[in-house]
Every structure is written in structure tokens, then in C-alpha cells.
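Asker: Quick one: this structure, given as C-alpha cells, is what I'll be asking you about.
The values are calculated or read from the model by the stated rules, or taken from the named source; none is laboratory data. This one's a predicted model, so the numbers in the text were calculated from it and none came from an experiment. Every residue, glycine among them, receives a Cβ derived from its backbone with ideal geometry; neighbour counts consider all protein chains shown. Quick note on the areas: whole protein, heavy atoms, side chains included, nothing else; ligands and nucleic acids left out. Shrake-Rupley method; radii C 1.70, N 1.55, O 1.52, S 1.80 Å.
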Amino acid sequence: MNGVIERVNILIKDLGLTPNAFAKKVGLGSSNLSRKLKGSTPFTTKDYLKISEALEISRNWLETGEGSRSRNNHRKAHRR
């Protein structure tokens, strides 16, 4: 399975949402997300941005699987 697809499926499961509810939450069309999850259409830079902004997660983690899933870990460490 494609790493991005796997990570998006993890997000859907962790949030307890259906793929349609997830698509609505992040601002993607449900049929568009369905094609992406099946691997027939690739995720775009715009998709990564929409998902990471809507869920407040790291875009780098979403795209590459590297680093922390939370985009706030780095900022919180510097606030202490």
C-alpha cells in the first residue's frame, strides 16, 4: 500500500470517521478522496495542505511519513 494512502487511512480510523465524513472535514470531495484512497489518482500538494491544515498535523509526516505527526510538537518544545 502507498505510504500516503496508509497514513490517510490511519487518520480516518483514528478520528473515527467514515471516508465521506473525513473528506468533508478536510475539504475534499468524497469521490475525489475515494479515487485517491484506491490509488487511481495521486494526492496533490493542495490535498496535503488541506488535510494538514484541517487536522493540524504535520504536512511533512503526511507526505513522507517522517518526523512527528503533530505539527505543534516543535513549537511547544520552544515555549517551555
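Asker: Give me the percent of accessible area attributable to carbon and sulfur for the chain, probe 1.4 angstrom.
Answerer: So the carbon and sulfur contribution to the accessible surface is 48 percent.
Asker: Can you give me the relative contact order of the chain as a percent, contacts being Cα pairs under 8 Å and 6 or more apart?
Answerer: Contact order relative to length: 26 percent.
Asker: Just in region 35-66: which GluC sites (Glu not before Pro) are loop by DSSP and have at most 11 other Cβ atoms within 10 Å?
Answerer: Listed in order of number, the matching sites are GLU56, GLU66.
Asker: Would you work out which of TYR48, ALA21, SER70 lies farthest towards the positive end of the dipole of the chain? Charges go on Cβ: Lys and Arg +1, Asp and Glu -1.
Answerer: Toward the positive end, the furthest listed residue is SER70.
Asker: Which lysines, if any, have their Cα less than 22 Å from the Cα of LYS25, not counting same-chain residues under 8 positions apart?
Answerer: Output for LYS25: LYS13, LYS36, LYS38, LYS46, LYS50.
Asker: Continuing with the same structure: Just the ratio, please: alpha-carbon radius of gyration of the chain over 2.2 N^0.38 Å, N its number of residues.
Answerer: Compared with the compact-globule rule of thumb, the chain sits at 1.10.
Asker: How long is the gain from LYS24 to THR64 if the chain were fully straight, where each residue apart is worth 0.36 nm and the alpha carbon distance is subtracted?
Answerer: Answer, rounded to one decimal: 12.1 nm.
Asker: Give me the one-decimal nm value for the distance between modelled label points at ASN9 and SER31, 7 Å along each residue's Cα-to-Cβ direction.
Answerer: Simple spin-label model gives 2.4 nm for this pair.
Asker: Calculate how steeply helix 3-15 sits against the longest principal axis of the alpha-carbon atoms of the chain, using the helix alpha-carbon long axis, and give the answer as 0 to 90 degrees to the nearest 10.
Answerer: In the chain, helix 3-15 runs at an angle near 80 degrees to the longest axis.
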